[in-house]
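Here is the structure we will look at.
FYI, it's all coordinate maths here, none of it is from the lab. These figures come from a predicted structure and were not determined experimentally. Every residue, glycine as well, gets a Cβ built from its backbone with ideal geometry; the counts of neighbours run over all protein chains shown.
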Amino acid sequence: KLDSTVNGKITPGDRDCFAFSARDGQRVVIECFTHRIDSQLRAILTLFDKRGRQLAVSRGYHGIDPLIDFRVPADGDYVIRIHDLVYSGGDNHYYRLDIDTGPRVAFAVPSVIRGGESTTVRLFGWNLAAKRGPGGAGRPGPGSESGFDELRVVIPASRARAEWPLPLRLPAAATVIDGLAWHHPGTQAPVLIGVTNVPVILEADNNASAAVAQPIPVPCEVSGQLVRGDERDWFAFEARRGEVFHLEALGQRIGSPVDLELSVWDEPGRRELFQAVDQVESIGGKLLPTAHTDPAGRWVAPADGSYRLVIRTVIGRLQADPRRVYRLIVRREEPIFDLAVIPHRASTGAFNLSRGGREVFDVIAFRRRGHAGPIRITARDLPDGV
């Protein structure tokens with residue numbers, strides 16, 4: 001039946017097929033979870049009509065996890081087939097297959113809001129309809145050219161604060177990201193929305209060159225999209241000689257299908273002065289792999305004047321994709337740090353402390369925005385007896 005979840009496993013050479021009936025005009029989202037649930041299956045989804053004609057195929061949508069957005073052309077029966085890319089299989093080739101007509105949220109714009117302020121956010125996804133949720137009413141907007149439905153919601157000031165823990169699957173490199181999980185009524189899962197303490201600027205549509213760069217204040221965060229694969233967004237900011245800036249872009253760590261590049265140019269946009277680098281070192285080792293491709297860096301202004309920031313993705317494709325959202329952070333250097341505590345010998349999920357025993361932990365320090373000083377660690381509110 002529609003609106004079902006199938007849990008299965010692929011054996012070597014296996015192909016699993018499932019039939020469902022749908023009505024003309026329905027929008028069926030067929031999504032397969034493998035990599036996101038730590039499976040080794042490289043799934044391929046193929047959709048057929050009852051005559052066996054291929055209607056759609058997906059080899060990857062959320063990373064390598066496939067998804068098919070199917071607008072039903074006529075009443076009838078349809079078949080979805082799943083198999084491994086190279087027809088391998090085994091006990092570690094399991095999957096979760098959703099065949100769904102309910103509302104689903106893919107991403108939000110802006111992807112970050114300022115803490116303590118009420119903000120209107122546009123949710124993009126499938127089968128979205130106006131519903132009154134906690135803190136505000138939803139208002140449907142026009143579907144985008146890419147086929148996403150759009151829904152505007154108001155996140156009230158009382159919810160605009162960082163939450164922890166977050167009921168979301170996040171990479172280890174996202175440990176330092178403050179955010180909230182916004183769960184629109186009726187949707188299967190929440191969407192991550194960042195929370196910051198500086199003004200949030202929405203990227204303009206007409207900033208495609210240095211000559212029309214969008215002015216931004218310092219400090220701020222910019223929420224933008226690189227819809228076209230070759231798109232470049234330019235921003236202008238003022239600096240004094242010797243002023244130290246922390247520049248950072250978030251893409252991979254917030255689940256966006258981008259590999260961002262961030263650089264500083266002179267005012268005419270002819271000479272590159274600085275390029276931020278990816279964080280390729282994993283400070284948490286194998287237990288907390290923190291490496292990522294989001295660029296960040298420290299830049300010192302060489303003279304008073306106006307400068308240009310440009311951001312782009314180096315893995316853009318020919319087709320437009322509004323899922324390519326990013327966060328651009330422009331701040332003066334203000335040293336901060338975050339800490340993660342994980343068991344030394346076990347997995348990061350949990351630990352066991354036996355009676356009379358002891359446990360060793362690793363404390364991992366994320367030093368940010370130039371932090372280089374000592375960090376004193378103390379334990380508070382431990383359970384009785386520990």
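Can you give the Kirkwood hydrodynamic radius of the range 1-72 from its Cα pairs, in Å with one decimal? Walk me through the numbers before you get to the answer.
Working: mean 1/r = 0.0753 Å⁻¹.
About 13.3 Å for the range 1-72.
Along the range 157-168 the Karplus relation, 6.51 cos²θ - 1.76 cosθ + 1.60 evaluated at θ = phi - 60°, assigns HN-Hα couplings of 4, 5, 9, 7, 8, 5, 10, 7, x, 9, x, 9 Hz to successive residues, with x for each Gly and Pro. With each label modelled as a point 7 angstrom along the Cα→C-beta vector, the Asp38-Val79 pair spans 3.5 nm.
For a label point 7 Å from the Cα of Glu267 along Cα→C-beta, name the residues of the range 202-236 whose backbone N is under 14 Å from it. Of the residues in the range 202-236, 211-213, 236 have backbone N under 14 Å from the label point off Glu267. Each principal axis of the Cα cloud of the range 298-354 was taken in turn, and the coordinate range along them, longest first, works out to 61, 39, 14 Å.
Shown here: P(r) over Cα pairs in 20 Å bins from 0, in percent, derived from the displayed model; of the candidates (i) 24, 53, 23, 1; (ii) 22, 40, 26, 10, 2; (iii) 27, 57, 16, 0, it corresponds to (i). Placing a label point 7 Å from the Cα of Thr175 along the Cα-to-Cβ direction, the residues of the range 323-345 whose backbone N falls under 11 Å of that point are 338-343.
Taking 7 Å steps out from each Cα toward its Cβ at Lys1 and Glu281 produces label points 5.6 nm apart.
Rounded to the nearest 0.05, what FRET efficiency do Asn352 and Thr11 have when you use their Cβ-Cβ distance and R0 = 35 Å? Spell out each step's value before the answer.
Numbers: r = 34 Å, r/R0 = 0.98.
Once the sixth-power term is evaluated, E becomes 0.50.
Based on the inverse mean of 1/r over its pairs of different Cα atoms, what is the Kirkwood hydrodynamic radius of the range 5-125, in Å? Can you show the working numbers first?
Working: mean 1/r = 0.0636 Å⁻¹.
Hydrodynamic radius (Kirkwood, Cα only) of the range 5-125 equals 15.7 Å.
Each peptide in 24-36, 161-173, 250-262 receives the mean, over its residues, of other Cβ atoms within 10 Å, and ordering these scores from highest gives 250-262, 24-36, 161-173.
Multiply the residue gap between Asp384 and Asn206 by 0.36 nm, knock off their C-alpha separation, and tell me the result in nm, one decimal place. Kindly include the intermediate steps, with their values, before the conclusion.
On the way: separation 178, 0.36 × 178 = 64.08 nm, distance 5.97 nm.
Stretched out fully, the Asp384 to Asn206 stretch lengthens by 58.1 nm.
Stokes-Einstein diffusion of the range 60-111 at 20 °C, 1.002 mPa s viscosity, Kirkwood radius from Cα pairs, rounded to a whole number: 150 µm²/s. Antiparallel beta bridges, as assigned by DSSP with both residues in the range 155-269, represent about 45 percent of the total such bridges.
What number comes out for the charge environment of Arg159, summing +1 per Lys or Arg and -1 per Asp or Glu over other residues with Cβ under 13 Å away?
Values: positive: Arg114, Arg161; negative: Glu117, Glu163.
Around Arg159, the charge tally is 0.
Seen from every direction in turn and averaged, the convex hull around the alpha carbons of the range 148-287 projects onto 11.3 nm². Normalising the average separation of contacting C-alpha pairs (under 8 angstrom, six or more residues apart) by the number of residues puts the relative contact order of the chain at 13 percent.
For a label point 7 angstrom out from the Cα of Phe366 toward its Cβ, which stretches of the range 162-189 have the backbone nitrogen within less than 16 Å? Once the point is set 7 Å along Cα→Cβ of Phe366, 162-181 turn out to lie under 16 Å by backbone N, inside the range 162-189. For the range 198-281, what is Rg from Cα atoms divided by 2.2 N^0.38 Å, rounded to two decimals? Dividing the Cα Rg of the range 198-281 by 2.2 N^0.38 Å gives 1.11.
State the Kirkwood hydrodynamic radius of the range 213-363 in Å, one decimal place, computed from all pairs of distinct Cα atoms. Please report the intermediate quantities before stating the final value.
Numbers: mean 1/r = 0.0570 Å⁻¹.
The Cα-based Kirkwood calculation yields 17.5 Å.
As a test, work out the antiparallel percent of DSSP beta bridges whose residues both lie in the chain, rounded to the nearest 5. Provide the component values of the computation, followed by the final result.
Values: 102 of 110 bridges.
Antiparallel bridges: around 95 percent, rounded to the nearest 5.
Over the C-alpha atoms of the range 149-189, the Rg to Rh ratio, Rh being the Kirkwood estimate, stands at 0.99.
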